[in-house]
Amino acid sequence: MSEYVCAKCRRDLEDTAINRVGMQCSYCGSKIFYKKRPNIRKRLIAR
Ligand SMILES: [Zn+2]
């Protein structure tokens, strides 16, 4: 089970390709991933 999701299309990383450059979404090409958390809606609030 992947614990990362694509930052753009929100697909699980397990559905995406991991190439020699590193993690890259095979659907949208994004290289930005979020780590799944139990509370995904929680955000840091910078003041
Ligand atoms: Zn993607």
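The values are calculated or read from the model by the stated rules, or taken from the named source; none is laboratory data. All figures in this text were calculated on a predicted structure; none of them were measured in a lab. Ligands, DNA and RNA are stripped out before the accessible areas are found, and what is left, the full protein with its side chains, is counted by its heavy atoms. Shrake-Rupley method; radii C 1.70, N 1.55, O 1.52, S 1.80 Å.
Values as computed for the structure displayed
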| quantity | calculated |
| --- | --- |
| Interchain or long-range residues, amide H under 5 Å from A7's placed H | I32, F33, Y34 |
| Length added when fully stretched, K31-E3, from 0.36 nm per residue minus Cα-Cα | 8.6 nm |
| Ranking by accessible area, most exposed first, for R37, R43, R11 with a 1.4 Å probe | R43, R37, R11 |
